[in-house]
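The values are calculated or read from the model by the stated rules, or taken from the named source; none is laboratory data. Values in this document were obtained by computation on a predicted structure and should not be read as measured data. Every residue, glycine as well, gets a Cβ built from its backbone with ideal geometry; the counts of neighbours run over all protein chains shown.
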Amino acid sequence: MVEEDQKEGYIEELVECPFCGAFVPNEFECIMCGEEMLDVEMNGRTKTVCSNCRTEVSTEAEECLNCGTVFTF
Ligand SMILES: [Zn+2]
Ligand SMILES: [Zn+2]
């Protein structure tokens, strides 16, 4: 029996922008302040969050303890 109300999501890795201090997706630019973050990923702090509720989760978590989202990879 499959639980139909389970949400699926993924673990999203965020990096700390050294310019504004926000945790943002690891992309070329900070989505908050627009600064280029090409050199940041090696130095900046990172955290992994639930894609659904943005609660911090372990990189090895199989589901979010906060909202129950199941991580599909
Ligand atoms: Zn920023
Ligand atoms: Zn969640």
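Observations, loosely collected:
- Among the residues here, Leu14 does not qualify as assigned to a loop (DSSP other than H, G, I, E, B), within 16 Å of ligand 2 (Cβ to nearest atom) and at pLDDT 90 or above.
- Only a single criterion out of (1) in contact with a Cys (Cβ under 6 Å, 6 or more places away or on another chain); (2) among the polar types (S, T, N, Q); (3) not in a loop (DSSP other than H, G, I, E, B) is not satisfied by Thr48, namely (1).
- Failed item in (1) assigned to a loop (DSSP other than H, G, I, E, B); (2) among the hydrophobic types (A, V, I, L, M, F, W, C); (3) modelled with pLDDT under 95, with Cys33 passing the rest: (3)
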